[in-house]
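The values are calculated or read from the model by the stated rules, or taken from the named source; none is laboratory data. Note that the structure is predicted; figures quoted are calculated from it, not measured. Don't worry about glycine lacking a Cβ; one is built from the backbone with ideal geometry, like all the others, and counts go over all protein chains shown.
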Amino acid sequence: PEAVAALPQAQQQQLNAAIQSWPCSSKIKPLDVPTKPIITCDDSNPQNKYLLGPVIVAGTEVKTAAAVPPGAVQGQFAWTVTVDLKPKGQAAWRPTPPSTTSRSARPTSATRSPTPWTAG
């Protein structure tokens with residue numbers, strides 16, 4: 001990811017080592033603190049690990065959310081999630097740097113597609 005590439009090489013290596021060594025198991029769950037990043041694993045493929053940033057918009061500021069399957073929209077080839085935000089959530093979302101997310105055309109909603117962490 002772009003934000004990781006901006007880190008000094010030594011920090012990139014430390015971050016990569018921490019993510020790669022994270023134990024993916026149903027018994028060990030990461031501590032979920034909304035203001036801190038979290039490492040989590042794909043239940044169907046434990047080799048896929050995700051580094052998620054701190055919460056940008058609290059769940060209480062989500063008006064509606066819907067999963068959209070591949071093919072539901074012409075040219076869409078992957079699952080996406082559409083989120084409509086309440087006014088406070090919209091205000092929190094706007095300052096998010098474009099490099100961290102993709103945004104829909106409507107300022108009241110956004111979509112994100114997670115990408116598994118890859119070493120390197």
Please indicate, with yes or no, whether at least one residue in the stretch 66-89 is free of Cβ contacts under 8 Å to residues at least 24 places away in the same chain, out of contact with any Gly (no Cβ under 9 Å at 6 or more places or on another chain) and on the phi > 0 side of the Ramachandran plot.
-> yes
Considering every residue within the stretch 85-103, establish whether at least one is in contact with a strand residue (DSSP E or B) (Cβ under 8 Å, 6 or more places away or on another chain), at pLDDT 90 or above and outside any loop (DSSP other than H, G, I, E, B).
-> yes
Which of the residues spanning the stretch 25-77 are of a type in the set (Lys, Arg) and either assigned to a loop (DSSP other than H, G, I, E, B) or in contact with a His (Cβ under 9 Å, 6 or more places away or on another chain) (or both)?
-> Lys27, Lys29, Lys36
Pairs, first over 14 Å from Asn48 (Cα atoms) in the stretch 20-31, second surrounded by fewer than 10 Cβ atoms within 10 Å (Cβ to Cβ), C-beta under 9 Å, six or more apart = Ser26/Asp43
Which ones in the stretch 39-65 are under 16 Å from the mean Cα position of the chain (by Cα) and over 30 Å from Leu15 (Cα atoms)?
-> Val62, Ala65
Quick count over the stretch 1-19, residues being surrounded by 11 or more Cβ atoms within 10 Å (Cβ to Cβ) and assigned to a helix (DSSP H, G or I), is 11
